[in-house]
Amino acid sequence: MSTVQVVFTLNGAAVSLDLDPAERLLDTLRYRLGLTGTKEGCGEGECGACTVYLDGLPVNSCLVPTYQVRGARVESVEAIAAERLGPFLAQGATQCGACTPGVVMTALWIGAHPELLETHTIRELMAGNLCRCTGYDGIVDAVSTALGHGEPPV
Ligand code: FES
Ligand code: FES
């Protein structure tokens, strides 16, 4: 199997790897680099459990070949301070926890782009993050609290 060298920035540090050009970013993070905070749910771009930031935009890392992030800036949930998870724990917004890292990544991205809330509800903006446990009200409450937006569940 031929490999390619891929250099990118991960959580603020330079990373250089030789890997199969078809290797998924999700697998690079979890199995090659030991960053298991990023979860695999569906593995086909439907659930958002594997959300990371690629040059500041949330993407599904199960759909991204690591080769394609060469020269880019990747941030995983490990780059986020643990105290940012407080609202999720306080409001029962996590049960099995499989979706939580992706939910948090999307929520913080919304927080960095508050203008989105002028035209969309939190529930709409979180539509790419599926949860099979909580029923979503707790997630929406927690995201609302985390963002200080005060939006009721809809
Ligand atoms: S595991 Fe990537 S979108 Fe579901
Ligand atoms: S808490 Fe289990 S999938 Fe969301």
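Please treat every number below as a calculation from the coordinates, not as lab data. Not measured: the values here are computed from a predicted model. Cβ atoms come from the backbone with ideal geometry, glycine included; neighbour counts cover every protein chain shown.
Would you mind ranking I80, I110, I122 so that the residue whose beta carbon has the fewest other beta carbons within 10 Å leads the list?
Details: I80 16, I110 20, I122 25.
Least to most surrounded, the residues fall as I80, I110, I122.
Kindly provide the helix-only [θ] at 222 nm of the chain, computed as the sum of -39,500 (n - 2.57) over DSSP H runs of four or more divided by all residues, to the nearest 500 deg cm²/dmol? Before the final figure, lay out the partial values.
Details: 4 runs with 32 residues, N = 154.
Theoretical 222 nm ellipticity from helices: -5500 deg cm²/dmol.
Suppose the chain between L63 and C42 were pulled fully straight at 0.36 nm per residue; how much longer would it get relative to their current alpha carbon spacing?
Details: separation 21, 0.36 × 21 = 7.56 nm, distance 1.07 nm.
Here the answer is 6.5 nm.
Pick out which of L26, L130, L117 has the largest mean-square fluctuation in a Gaussian network model of the chain, springs linking Cα atoms closer than 10 Å.
Comparing L26, L130, L117 in the GNM, the peak value goes to L117.
What is the extension gain from H113 to Q5, computed as 0.36 nm multiplied by their sequence separation minus the C-alpha to C-alpha distance, in nm to one decimal?
35.5 nm
Using a Gaussian network model of the chain with C-alpha springs under 10 Å, which one of T28, T94, T38 is most mobile by mean-square fluctuation?
Ranking T28, T94, T38 by mean-square fluctuation puts T28 first.
Where Lys and Arg each count +1 and Asp and Glu each count -1, what net charge lies around L54 among other residues with Cβ under 14 Å from its Cβ?
Values: positive: R24, R70, R73; negative: D55, E75.
Taking every Cβ under 14 Å from that of L54, the sum is +1.
Using only alpha-carbon positions, what ratio does the radius of gyration of the stretch 4-78 give when scaled by 2.2 N^0.38 Å?
Taking the Cα Rg and dividing by 2.2 N^0.38 Å, one obtains 0.96.
Arranged by the count of other C-beta atoms within 10 angstrom, fewest first, what order do Y53, Y136, Y31 take?
Fewest-to-most ranking of Y53, Y136, Y31: Y31, Y136, Y53.
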